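Have a look at the structure below, then the notes.
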Amino acid sequence: MFMRGRIRVPALLWGILIATHACSPFMLKSRFSGGPDRTAVRILIVKTRDNFTISSGAPLAVSSKNTQGAAPESGSTAIIFSPSRISAPLMVQPTDSPLLLNGLPYRGTMEIIGLNGTALVINVLHIHEYLVSVVPGEIPADWEEEALKAQAVAARTYTYYHLLAGRKNPQPYDLDATAQSQVYRGMNDEKPRTTEAVASTAGVVIVYDYQPIISYFHSTCGGRTTDDRYVWNQRDLPYLTGVRCGYCGESTKFLWEYILTLDEIREAVSKTYRAIGRIRNIAFRKKDDRVLEIVIHHNRGVTRISGNNFRLLFPPEKIRSLYFTSKQYNKGLILTGHGWGHGVGLCQWGARGMAQKGFTYREILKHYYSGVEIASVKDRYIASKLRQGGDYH
Ligand SMILES: [Zn+2]
């Protein structure tokens, strides 16, 4: 059944209200309520110019953030939003069943912001609720318990780090839901073993100088991790220092080979950088066996690209890491490499290898992050650092 204009919150804000009575199979509350991880985090889950639907198994409560007191629309269990018609920011809250965005269930509430015909849909939920979805998205839930805990603590720390950074540099959300930060797809990803790892490490974070670190992690280092400065050329954080791994040999991604033709290179580089001509020579400048810079000599001059930017010109399964050697052949390069990912911070397959050898999650984290402490967000000094710049609780 379709209804139009029966809502007391400004009707122009969205497209069509639909009343449905679908039942959600999900419970709103998990067994563990979050403990010290009940801090709210804001995750950008959709940025779109297309219509989208928010629904629930129970009536939705919708209000406008700018016009206090707007009444929730009772009885409506699904709304189609049109980005071009959203003006004031909106809040959508569940009543007795989780919200579904385009059919996928999410914990917490949704904020919707309209920007020149584009809608940002931001999921606001407790860090605990976020982590129980994020951790199994980043690591297989059937891995060893200490490896799951190490990943849970790394993901929690990464989240708190961005909460702190967000307060110094305000924006409408703290993290996005892609691999650029942490992959987040809502409740469908949740798995009991990773939920248990999140619950049993509640509030535990990795700190340096009493502050949560930016706890980068990657799939497989290939034998040795690397310094952040060799990958991103910006900062040189004391705890992101290359260390010998030696625990990720079991990884299915430990060794790789890819044949990269000169045509592929010319096409990929020309799309992002100044168009290059016929390639005469390619040289790789390296540090610790990883490629820092690629220097391409061609008939229009010389193009220099950082190793990381060069890798990201191609789909991730092509140049899987910067830890590779190359051999030239008449049509291009044969790359033989180690590992998958940027190689900075925690090596996930290494964490698994250490867990199999009996190391605890604390020992695993202290191996991959140099000079850090494993602490709780409830610690007095850490809590005071987390409060700097505003009240986030
Ligand atoms: Zn490794």
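Things to note:
- For segment 177-190, the set of residues classified as crowded, with 18+ Cβ neighbours inside 10 Å and under 24 Å from Ser219 (Cβ atoms) consists of Ala177, Gln182, Tyr184, Gly186, Asp189, Glu190, listed by residue number.
- Any hit, segment 362-377, residues being at pLDDT below 95, hydrophobic (A, V, I, L, M, F, W, C) and under 22 Å from the mean Cα position of the chain (by Cα): yes
- Given (1) at pLDDT 95 or above; (2) within 29 Å of Gly358 (Cα to Cα); (3) crowded, with 20+ Cβ neighbours inside 10 Å; (4) away from the ligand (no atom under 16 Å from the Cβ), index of the condition Asp142 fails: (3)
- One residue from Gln180, Gln151 being under 26 Å from Tyr208 (Cα atoms), in a helix (DSSP H, G or I) and within 16 Å of the chain's Cα centre (by Cα): Gln151
- Conditions (1) assigned to a helix (DSSP H, G or I); (2) within 16 Å of the ligand (Cβ to nearest atom); (3) within 23 Å of the chain's Cα centre (by Cα); number of the one not met by Gly343: (1)
- At least 2 residues being under 30 Å from the mean Cα position of the chain (by Cα), at pLDDT 50 or above and more than 30 Å from Ala199 (Cβ to Cβ) is the threshold, and among the strands (runs of 3 or more DSSP E) wholly inside segment 1-105 those reaching it are 40-48, 52-56, 61-64, 78-81.
The values are calculated or read from the model by the stated rules, or taken from the named source; none is laboratory data. Predicted model only: the values in this text are computed from it and were never measured. Quick reminder, even Gly has a Cβ in these numbers, built from the backbone with ideal geometry, and neighbours come from all protein chains shown.
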